[in-house]
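Remarks on the structure that follows.
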């Protein structure tokens, strides 16, 4: 069966620098337990003004990877 | 890197009492395997009239928690 | 506590035959690690025209199963 | 032909007590003319503050039942 | 039980004059079989350019009325 | 008044063969009580893995027909 | 800082004449307390059949204006 | 001009008891500065598990009232 | 191959008169380069209050036509 | 500049056989004027019961391709 | 009553630099009249190409704050 | 006829630097064939982790321009 199957999980990356940095942080963290992350889909961009002087970005991503690639 | 990363999973709590009880049941069950559940977002409220004399509530939640908080 | 709790995960099944075959492939793969898959909800139907002469279907499903049924 | 067919109709239940009571009221009323109501899906929760001292809940449900089950 | 129950049905009104006229046509037609129509919610405004020299408006409405008001 | 009025109802067709067969089953059943079904709009594709060895497709359709075509 | 900031508020205009008249009524009323209304976005078109012989249109608008333009 | 104009604002009510109590709390608070609140529309039900032993409900409502009713 | 193929494009019609006039203006303009426009679907109704004393309607339509009908 | 740019257009494929065949028909037709179609996203599945004894499937796709790949 | 109530308002921040700068501009402006801004939710990212050589970002935010925190 | 008509097309800009750079790339490319691009609306932010060490941003925009401005 040559057909592949993928799974998507939902991760929230956080950064006080930028939306892109929040996405990279989510990627870095998720990569520690999942190999072969393939793609992401931004679901939500939000944040708060509480802890820092400027916005703290919280970016929710769906992250896709191939199941059992081995 | 002080930035945190969170994960969201999707759980369906069930109760024949109330929507709130369904949410609490989902929380209780999810807490058995995940520590530090932080927040929830109700995705869907539905149910059936089949098994009981009154509605059986099925409440789909996204539940968020911090990854690797240790 | 007789109330049940379910979890939903998101899987992408792939097939160059049909949408139904992509759903079955996702089911077959997910069944290898999760018992008692109960239901699915189609989230997205997309695909590409790159690798094959005809569409390669990529069908994203939410798949639901009961937690700790034992 | 063993395949079943279902119909969904949209009902608005009302209660000044709770969201659950509004759902039950919709169920009770709909059961007077339709047998074998199977499931419901909450579409909208709204209400007004006009007639009573506290919220009057208006809960829109889709209610599903089997066609011609006889 | 003083609580009321409402039903919503979906009607498509048609007019080559205006969106409002299409809504009124839907109202007029639905009133022939249902008394006490209370409110409407526009779901979709579309139409075609085929039969007439100008747009033929097709307006989909949800129309709400009280069940068994007698 | 030459303007026509249409009604849409929501039907769930079921099949263990294919999505198309579920749509046809819904059509066949609805045609028993409604003449002149004109069009359909797929609202939801879901199903379960419980009763059969392969997916049981449950396809929710809005089905449109002309009111009082006589 | 040459960058401008805008605010959006949500207003429901009402008319028994037309959707356009409901939008104009919302505009007229909002203009009494807010200068420099710039744009609007229709959010919802609904209404009722209760008080008048024909539809009473209730059109929800988001209305945008510049903050502190002075 | 007999036509009325309404405004909607967005309020988040909070309660550790129930969704209904969160709605009532939002109502009570909003009533302190706005007279003649007429209706509400639930936009979002979410909450957290942080401060208390059970869910803290955060219910976002749109609340409608008539402008300048005097 | 008797099966037809259609294309949809997105057009924004503008009018200071009415929503219907904006739709007709979009139709007139699109007809200059595309023959056989078949149907439209209203995507968005918005506008501004800047250039004129009353609303300038901007109506976004999807417009469908048959490909290569010749 | 190594970065690529893509365009998406919206096509409606039609078939009285199956949803997959409608997608393939859209692909075949679009390929006559656009080279290098890369991917598709199903936007809508609808159809009618008018012209044939069984459903005529109308599947709206967004189809993506690379701009100026030469 | 220890329960808090929050309000959300909708602000459009503008910047020709970046999406993040538009969010910060909205924050800065809103902070001039509202203390204790807590969180934001990005609703829409759009902009124009008219006034400047590069995109002018217009980012619509919902901004939340606590009512009567005193 | 002083009323203007606009068209919107959908473009996917790509960049391994930032979301803003992906938008600018889409703008630059689209400007090669279309004059007078007026505004954009971000539809989707996604990307992949395959080709590069960090995210490759794929930003889908609707881009609006005036038809026949000459």
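Here residue H:37 clears all of (1) closer than 18 Å to residue B:64 by Cβ; (2) at pLDDT below 95; (3) within 13 Å of the chain's Cα centre (by Cα) except the condition numbered (1).
The number of residues in region C:15-34 being more than 7 Å from every other protein chain (Cβ to nearest Cβ), touching a residue at least 24 places away in the same chain (Cβ under 8 Å) and within 12 Å of the chain's Cα centre (by Cα) comes to 4. Scan region G:29-47 and give yes if some residue there is over 20 Å from residue H:63 (Cα atoms), in contact with a helix residue (DSSP H, G or I) (Cβ under 9 Å, 6 or more places away or on another chain) and buried (at least 22 other Cβ atoms within 10 Å of the Cβ), otherwise no. No, the conditions are met nowhere in region G:29-47.
Per this entry, residue K:21 is not counted among residues that are at pLDDT 95 or above, in contact with a strand residue (DSSP E or B) (Cβ under 7 Å, 6 or more places away or on another chain), surrounded by fewer than 19 Cβ atoms within 10 Å (Cβ to Cβ) and under 22 Å from residue H:27 (Cα atoms). Taking residue A:65, is it out of contact with any helix residue (DSSP H, G or I) (no Cβ under 8 Å at 6 or more places or on another chain) and more than 11 Å from chain B (Cβ to nearest Cβ)? Criteria met by residue A:65. Restricting attention to region A:40-70, the residues being over 13 Å from the mean Cα position of the chain (by Cα) and under 20 Å from residue B:9 (Cα atoms) number 4. So is residue J:64 buried (at least 19 other Cβ atoms within 10 Å of the Cβ), within 21 Å of residue F:62 (Cα to Cα) and modelled with pLDDT of 95 or more or not? The answer is no for residue J:64. Residue-level check: of (1) away from chain G (no Cβ under 13 Å); (2) more than 30 Å from residue L:35 (Cα to Cα); (3) at pLDDT 95 or above, residue K:9 misses just (1). Does region B:37-60 include one or more residues that are more than 8 Å from every other protein chain (Cβ to nearest Cβ) and farther than 30 Å from residue D:28 by Cβ? No: zero hits.
The values are calculated or read from the model by the stated rules, or taken from the named source; none is laboratory data. All figures in this text were calculated on a predicted structure; none of them were measured in a lab. Every residue, glycine among them, receives a Cβ derived from its backbone with ideal geometry; neighbour counts consider all protein chains shown.
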